[in-house]
Amino acid sequence: MFSFRKLSLVAALALAAVLLVVLVAACGSSSSSGGSTPSVASTATSAADFGGMDALIAAAKKEGTLNVIALPPDWANYGEMISSFTAKYGIKINSAQPDGNSQDEINAATQLKGTDRAPDVFDLGSNVAIANTAMFAPYQNAEWSDIPDNLKDSTGLWASNYTGYMSIGYDSSKVPAPTTVNDLLKPAYKGMVALNGNPTQASAGFNGVVMATMANGGSADDLAPGVDFFSKLKKAGNLLPVDPTPATIASGQTPVVIDWDYNNVAQTAALTGKVPWKVVVPANDVVAAYYNEAINKDGPHPAAARLWVEYVYSVEGQNIWLKGAARPVLMDVMVTNGTIDKAALALLPTATGTPVVLTQDQLAAGQTYLLANWTKAVQ
């Protein structure tokens, strides 16, 4: 799906790092920690490079810290993911810019490179990830063989982690229930509709355009109808120039939100008894897209980053996402082997129709089109 980096180069770097450690030890190094040195941790492509999971855990605990970014606690249940990881391993997590988007993650990694504040791991929408694979470190987690080939880079630079369906969340006390995307053009929605993120920077915003495209006769190869829809929405006075957050939803500032279904479902639960927030996945205009896990090759805590990746792809981690109404990448495998959280599975929103999922080429072409046309048409 994304561009690849040659494994031979990675392997050579890893081998060089290992040889250096051996040479230092042979020359009477005073180190007696027995754990992996930073150079080994930063080039490890699996837990085996540490000497197994126990050694990886020990190396990560020695670092003691993990930096994450753009992980809102109510997004796909990341709050529980973070707290459970810390509870299990005793590793402190610094969570920066929880309301940031995918591009913010890349910008932070670039700006903070070489500091102890740089993000260690990424959680990226596909449209941003495909442009930044040179920043990723290859790593294959213990469940690697169960991840479908089309949802991972063969060298381990990234792997898809969870997905959702684009949806419309709405305050049923303020607007009528929408059944299609085009309902949002009606006068009843004047000054009511918010899109989660700039489509040129945020995956949720990008796929909101895809959903509008499918509802207006376009295709995964032609996003022009989706851009035209949002241009009409703005001209009608229905589109709000606000990035929605739990706070804007709770305050009534954004009564209608185009976003992933797991985010809108989270608001339904969080606002029970306060705001009658409901969610609809428009029939036959279902759009899905995976977010993707990657390790920052220049992150300050390389062992903790690799342990985090192991955790989020474990049965425990995958079920945490499912509890947040996100569909984990290993869901089908877990249903088959009986490790899925059946109660959480039963609560996923209903959707009708085959989901549209863009290919790498379609993502790249769509991103190029939006960069050239979104601002002049909508902003």
Task: Among residues of the range 88-107, those that are farther than 19 Å from Gln367 by Cα and assigned to a helix (DSSP H, G or I), counted - done: 2
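Whether any residue in the range 83-99 is of a type in the set (D, E, K, R) and within 20 Å of Ala202 (Cβ to Cβ) is what I want to check. It would help to see each step written out before you state the result.
Narrowing the range 83-99 to residues of a type in the set (D, E, K, R): 88, 92, 99.
Those still in the list that are within 20 Å of Ala202 (Cβ to Cβ) too: 99.
Yes, the range 83-99 has at least one match.
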Task: Number of the condition not met by Thr155 [criteria: (1) among the polar types (S, T, N, Q); (2) surrounded by fewer than 19 Cβ atoms within 10 Å (Cβ to Cβ); (3) over 25 Å from Asn94 (Cα atoms); (4) in the same structural domain as Leu330 (by TED's automatic domain parsing)] - done: (2)
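Being outside any helix (DSSP H, G or I), acidic (Asp, Glu) and over 17 Å from the mean Cα position of the chain (by Cα) is the filter here; which residues of the range 118-146 pass it?
Going residue by residue through the range 118-146, those that are outside any helix (DSSP H, G or I) are 118-125, 130-132, 136-143.
Then keep just the ones that are acidic (Asp, Glu); that gives 120, 123, 143.
Scanning the range 118-146 gives a single hit, Glu143.
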Open item on the list: Just checking, does the range 112-119 include any residue being aliphatic (A, V, I, L, M) and over 24 Å from Tyr262 (Cβ atoms)?
Closed with: yes
Open item on the list: Please count how many residues of the range 67-92 are farther than 24 Å from Val265 by Cβ and touching a strand residue (DSSP E or B) at 6+ places or on another chain (Cβ under 6 Å).
Closed with: 4
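Taking the residues in the range 132-146 that are hydrophobic (A, V, I, L, M, F, W, C) and surrounded by fewer than 18 Cβ atoms within 10 Å (Cβ to Cβ) as candidates, determine which candidate is farthest from Tyr313 (Cα to Cα).
Here is the first cut: in the range 132-146, the residues hydrophobic (A, V, I, L, M, F, W, C) are 134-137, 142, 144.
Next, only the ones that are surrounded by fewer than 18 Cβ atoms within 10 Å (Cβ to Cβ) stay: 134, 142, 144.
Working: Ala134: 23, Ala142: 8, Trp144: 9 Å.
Among them, the one singled out is Ala134.
Here is a yes/no grid of residues against (1) touching a helix residue (DSSP H, G or I) at 6+ places or on another chain (Cβ under 6 Å); (2) within 16 Å of Tyr291 (Cβ to Cβ); (3) outside any helix (DSSP H, G or I):
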position: Ser42; (1), (2), (3): yes, no, no
position: Thr45; (1), (2), (3): no, no, yes
position: Ala48; (1), (2), (3): no, no, no
position: Asp54; (1), (2), (3): no, no, no
position: Asp74; (1), (2), (3): yes, yes, yes
position: Glu80; (1), (2), (3): yes, no, no
Open item on the list: Given (1) under 21 Å from Thr115 (Cβ atoms); (2) buried (at least 23 other Cβ atoms within 10 Å of the Cβ), identify the lone condition not met by Pro300.
Closed with: (2)
Open item on the list: I'd like the residue in the range 147-185 that is polar (S, T, N, Q) and not in a loop (DSSP other than H, G, I, E, B) and, out of all such residues, is modelled with the lowest pLDDT.
Closed with: Asn150
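Only one of Ala58, Ala25 is over 26 Å from the mean Cα position of the chain (by Cα) and modelled with pLDDT of 90 or more; which? Explain how you work it out, then say what you get.
Details: Ala25 fails: modelled with pLDDT of 90 or more.
Only one candidate passes the filter, namely Ala58.
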Task: Members of the range 297-342 found to be in contact (Cβ under 8 Å) with a residue 60 or more places away in the chain and touching a Lys or Arg at 6+ places or on another chain (Cβ under 9 Å), listed by number - done: Asp298, Pro300, Ala303, Ala304, Leu307, Tyr311, Glu316, Trp321, Val329
Open item on the list: All but one of (1) farther than 25 Å from Ala372 by Cβ; (2) in a helix (DSSP H, G or I); (3) in contact with a helix residue (DSSP H, G or I) (Cβ under 6 Å, 6 or more places away or on another chain) hold for Ala188; state the number of the condition that does not hold.
Closed with: (3)
TODO: Tell me which of these Val315 doesn't satisfy, since it passes every other one: (1) in contact with a helix residue (DSSP H, G or I) (Cβ under 9 Å, 6 or more places away or on another chain); (2) outside the structural domain of Thr115 (by TED's automatic domain parsing); (3) of a type outside the set (S, T, N, Q).
DONE: (2)
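The values are calculated or read from the model by the stated rules, or taken from the named source; none is laboratory data. Remember, it's a predicted structure, so these values are computed and weren't measured experimentally. Note that each Cβ is placed from the backbone with ideal geometry, even for glycine, and that neighbours are counted across all protein chains shown.
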